[in-house]
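The values are calculated or read from the model by the stated rules, or taken from the named source; none is laboratory data. Everything numeric here is computed off the predicted structure, so don't read it as measured data. Here the Cβ positions follow ideal geometry from the backbone for every residue, glycine too, while neighbour counts run over all protein chains shown.
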Amino acid sequence: MFARVSTFEAVDLDAVERTKEEARRREEALFQALPGWKGTLNLGDRSNGKVLSVSLFDTEEHLSAAEPAFEEEIPRLLGDLMQEWAGRRVSVERFEVLLEQRPSA
């Protein structure tokens, strides 16, 4: 599995909290259509407005193929919400997932 990790700074997390369901609604079909997409997790630190957005893919090829969605389609879908959230993206990194643990069913 592979992860795309975007780091944002100076994000208004109260605005994100108010609009997160709308963002989820707008992005849902796009994410579901991305081959190999396994989920996204957004982590926020209220003390400094830092946000990590982690999206998981089954293969490195599927992660690479999803770049246009992250760079073009998501900003188009969420443009007005992103303005409310303020902040700025400061990095995008890719990682191989070395260990994943979840509770057993």
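For the reader, a short list of remarks on this structure follows.
- Residues satisfying the stated conditions in the range 54-105, i.e. of a type in the set (S, T, N, Q) and modelled with pLDDT of 95 or more: S55, T59, S64, S91
- Those strands (runs of 3 or more DSSP E) lying entirely in the range 1-71 with at least 1 residues touching a residue at least 40 places away in the same chain (Cβ under 8 Å), of a type in the set (D, E) and surrounded by fewer than 16 Cβ atoms within 10 Å (Cβ to Cβ): 2-11
- Number of residues in the range 76-105 that are free of Cβ contacts under 8 Å to residues at least 12 places away in the same chain and of a type in the set (A, V, I, L, M, F, W, C) equals 4.
- Residue count for the range 74-97, restricted to those that are out of contact with any Asp or Glu (no Cβ under 9 Å at 6 or more places or on another chain) and of a type in the set (D, E): 2
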